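Okay, so here's the structure we're looking at.
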Amino acid sequence: MKNIIALTCLSLLAGCGGSGNWGWYVIDPTTPKGWSNITFLLSGFGATILLSVIAAALSMVIGLLVVLPGMSTNRWIRLPSRIYIEFIRAIPLLPMLFWVFYGLPVVLQSMGISVRIDAFWGAVITLALSDSAFTAEIYRSGIQSIARGQTEAAKTIGLTYAQTMRYVILPQAIRRILPPLANQFIYIVKMSAFASVIGMQELTRRANELVVTEYRPLEIYSLLILEYLVLVLAISFFVRWLERKMGADESR
Amino acid sequence: MVNEANTDQTNAIDIKGLNKWYGDFQALEDVNLTVAHGERIVICGPSGSGKSTLIRCVNSLETHDSGSIMVDGMKMGDAASIEAIRSEVGMVFQQFNLFPHLTIMQNLTLGPMKARGLSRKDAEARAMKYLERVQIPEQADKKPGALSGGQQQRVAIARSLCMEPKIMLFDEPTSALDPEMISEVLDVIVDLAESGMTMIVVTHEMGFARRAADRMVFMDHGKIVETGTPEAFFENPQTERCRTFLKQILKH
């Protein structure tokens with residue numbers, strides 16, 4: 001295994017030496033052309049981040065709205081939430097993206113609502129919906145991990161269901177679901193690349209467009225991967241920091 | 001709540017013909033128990049005999065299948081009656097069930113502020129009053145995890161008292177404690193008993209029962225087998241099952 005990694009690294013490095021296979025000149029920051037290419041690629045960061053953050057925020061809200069009735073003792077209240085999760089979870093992201101972008105406006109129009117869904121909001125809606133089923137399940141496991149005694153104690157001091165959730169259960173659950181939620185956020189960032197196929201100008205779309213004009217897919221896609229790597233690592237470090245901060249808050 | 005119950009105003013708790021099943025297992029079988037205002041009842045019996053289930057029915061943490069429960073003249077039934085009953089009944093659990101993410105003070109003020117609408121100032125004044133009563137006012141700003149088991153249970157008692165209940169239920173309040181901490185908790189409960197609080201205590205602490213109980217209730221296999229004053233109960237048990245139980249529990 002080690003040998004294979006070493007060999008791969010070596011062959012990649014060999015390519016950098018200027019032998020015929022590699023053409024790093026397309027993204028050489030010392031040349032004006034290379035520099036403008038790099039800034040073109042990097043300018044996709046803003047859209048990717050904005051798309052991911054809004055989608056993740058919406059997904060967290062939808063997930064909560066889905067999970068709370070989903071944990072009712074009444075099966076008829078539980079049922080719609082269960083159906084939503086099973087249904088949404090079963091749709092692959094790309095077909096859903098096409099459906100939202102090309103299909104949803106038609107549906108809305110037939111209902112008399114005339115809205116244009118642009119690439120950005122099409123991607124936001126798709127990512128948020130698609131992710132919300134997973135977020136809901138993460139919430140559920142977090143909430144269920146809080147001992148039943150907590151709910152009972154809250155009942156005996158007269159708290160309503162909403163107050164119990166707000167002041168007792170969710171503050172404890174959030175610490176436990178932070179790691180899986182962060183995982184899910186990283187997933188959203190990566191899945192946001194699909195937005196490129198409906199023409200949204202984010203990291204992957206920029207790379208695709210540059211490849212078409214420069215014919216250097218290897219170098220450009222390598223940089224693209226590096227861009228996602230940097231983004232995801234930054235998120236990881238942020239979440240670690242957040243976990244430490246919240247952990248320190250809890251003295252037990 | 002005006003109903004036929006008001007003819008029965010003399011009793012704090014009136015349980016008639018209570019039955020409860022867990023699937024095929026009958027947890028409570030035709031249980032009848034009347035508790036007068038100011039009366040202190042100790043329930044004992046082997047584990048699985050239905051003691052905890054019985055007192056958990058009194059504030060509706062468990063539902064019952066048939067029979068009736070009347071608390072302070074209110075008949076347990078719909079959600080409104082459960083809420084009204086819970087506002088008069090405090091409960092202390094074996095596992096304390098303090099809220100680990102909140103300080104002691106926040107544990108005590110949560111119910112009064114959210115369920116009763118007290119101002120923070122009033123709630124904190126009330127909390128301090130009861131923390132002094134259980135003799136740990138100096139721990140107010142700590143988290144439960146920083147306290148010993150005995151201290152945590154005393155906080156749990158204070159948290160219940162902050163709701164100013166008429167009736168207190170104790171579900172094996174010392175069973176989860178190290179031996180050296182049992183007496184500090186029992187002292188608080190005895191003090192409460194001497195102040196005239198109506199209470200039902202499920203416990204195996206027979207020394208405490210002799211000190212504090214007006215009446216002993218012995219349960220086995222979901223039924224009340226024997227009741228009587230502590231003197232009669234300990235000196236002259238009427239049933240073989242009770243004699244066997246007392247022999248086992250007083251052996252050490």
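Scanning region B:192-199 for residues that are assigned to a strand (DSSP E or B), modelled with pLDDT of 95 or more, within 15 Å of B:Gly50 (Cα to Cα) and of a type in the set (A, V, I, L, M) turns up nothing.
Screening the candidates A:Gly142, A:Gly149 for the property of being buried (at least 19 other Cβ atoms within 10 Å of the Cβ) and within 14 Å of another protein chain (Cβ to nearest Cβ) yields one hit, A:Gly142.
Selection of first residues in region B:229-250 that are more than 14 Å from B:Pro46 (Cα to Cα) and of second residues that are open to solvent by 90 Å² or more (accessible area, probe 1.4 Å) and modelled with pLDDT of 90 or more, restricted to Cβ pairs under 7 Å at least 6 apart or on distinct chains, gives the following pairs, ordered by first then second residue: B:Pro230/B:Arg210; B:Phe234/B:Arg210; B:Pro237/B:Arg243. From the list B:Leu118, B:Leu177, B:Leu131, B:Leu192, the lone residue that is within 13 Å of chain A (Cβ to nearest Cβ) and either open to solvent by less than 20 Å² (accessible area, probe 1.4 Å) or without any contact (Cβ under 8 Å) to a residue 40 or more places away in the chain (or both) is B:Leu118.
For every residue, the table says whether it meets (1) of a type in the set (Gly, Ala, Ser); (2) part of a helix (DSSP H, G or I); (3) open to solvent by less than 20 Å² (accessible area, probe 1.4 Å).
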{"site": "A:Leu159", "(1), (2), (3)": "no, no, yes"}
{"site": "A:Ile177", "(1), (2), (3)": "no, yes, yes"}
{"site": "A:Gln184", "(1), (2), (3)": "no, yes, no"}
{"site": "A:Met200", "(1), (2), (3)": "no, no, yes"}
{"site": "A:Arg206", "(1), (2), (3)": "no, yes, no"}
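Count of region B:64-95 residues, restricted to those that are within 17 Å of A:Thr164 (Cα to Cα), open to solvent by less than 30 Å² (accessible area, probe 1.4 Å) and of a type in the set (D, E, K, R), is 0. When B:Leu108, B:Leu61, B:Leu54, B:Leu98 are checked against the criterion of being surrounded by 20 or more Cβ atoms within 10 Å (Cβ to Cβ), assigned to a helix (DSSP H, G or I) and within 13 Å of chain A (Cβ to nearest Cβ), B:Leu108 stands alone in meeting it.
From the list B:Lys166, B:Lys143, the lone residue that is basic (Lys, Arg), open to solvent by 20 Å² or more (accessible area, probe 1.4 Å) and within 13 Å of chain A (Cβ to nearest Cβ) is B:Lys143. Residues of region A:175-197 include none that is over 15 Å from the mean Cα position of the chain (by Cα) and among the small types (Gly, Ala, Ser). Residues that are surrounded by 15 or more Cβ atoms within 10 Å (Cβ to Cβ), modelled with pLDDT of 90 or more and part of a helix (DSSP H, G or I): does region A:110-119 have at least one? Looking for residues that are surrounded by 15 or more Cβ atoms within 10 Å (Cβ to Cβ), modelled with pLDDT of 90 or more and part of a helix (DSSP H, G or I), one finds at least one in region A:110-119, hence yes.
The values are calculated or read from the model by the stated rules, or taken from the named source; none is laboratory data. What you are looking at is a predicted structure, and each value in this text was computed from that prediction instead of being measured. Positions of Cβ are generated from backbone atoms using ideal geometry, with glycine treated the same way; all protein chains shown enter the neighbour counts. Accessible surface areas use protein heavy atoms only, side chains included; no ligands, DNA or RNA. Shrake-Rupley method; radii C 1.70, N 1.55, O 1.52, S 1.80 Å.
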